[in-house]
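Worksheet: the structure to be examined is printed underneath.
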Amino acid sequence: QVQLVESGGGLVQPGGSLRLSCAASGTIFRGNAMRWYRQAPGKQREWVATIASGGSTNYADSVKGRFTISGDMATKTAYLQMNSLKPEDTAVYYCNLLLQRAVLVGSTLKYDFWGQGTQVTVSS
């Protein structure tokens, strides 16, 4: 079993900054990438940023230039530095570990694992 736990969320004023952390525990499988997603009220979950095992990063257009993803694939940790926050950034932020290969957990074939989410609220 793999568990991912996010932390660092909270209430911040527009223009402020937050740093989110994601830590893995339990049975650790080889990861191919770590990703951050978010889900705003009344919206579907959307992809925010990815860091691959080789260190390359990608960002959604909505956060490009403001957010920075970093991580350590060996320890299965990931971070999201969020600057110049806007009210539209308000959402529950989720960490996701993409495995190098699928694994069988019980009778279910798993390709990735999700954290429980951490709330980020940007408001004055």
Has region 51-59 got at least one residue that is of a type in the set (A, V, I, L, M), open to solvent by 60 Å² or more (accessible area, probe 1.4 Å) and under 20 Å from Y111 (Cα atoms)? no
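For (1) aliphatic (A, V, I, L, M); (2) buried (at least 19 other Cβ atoms within 10 Å of the Cβ); (3) not in a helix (DSSP H, G or I), each residue gets a yes or a no:
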{"residue": "D61", "(1), (2), (3)": "no, no, yes"}
{"residue": "Y94", "(1), (2), (3)": "no, yes, yes"}
{"residue": "Q100", "(1), (2), (3)": "no, no, yes"}
{"residue": "L104", "(1), (2), (3)": "yes, no, yes"}
Please count how many residues of region 27-50 are assigned to a loop (DSSP other than H, G, I, E, B) and open to solvent by 50 Å² or more (accessible area, probe 1.4 Å). 9
Looking at G55 and the list (1) under 19 Å from Q3 (Cα atoms); (2) in a loop (DSSP other than H, G, I, E, B), which single condition is not satisfied? (1)
What pairs can you find where one residue is in region 25-38 and on the phi > 0 side of the Ramachandran plot, the other is of a type in the set (F, W, Y) and at pLDDT 85 or above, and their Cβ atoms are less than 6 Å apart, with a gap of 6+ or different chains? none
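The values are calculated or read from the model by the stated rules, or taken from the named source; none is laboratory data. Every value quoted in this text rests on a predicted model; they were computed, and no experiment measured them. Counting neighbours? That spans all protein chains shown, and the Cβs are built from the backbone with ideal geometry, glycine included. Calculation scope for accessible area: heavy atoms of the full protein, side chains included, ligands and nucleic acids excluded. Shrake-Rupley method; radii C 1.70, N 1.55, O 1.52, S 1.80 Å.
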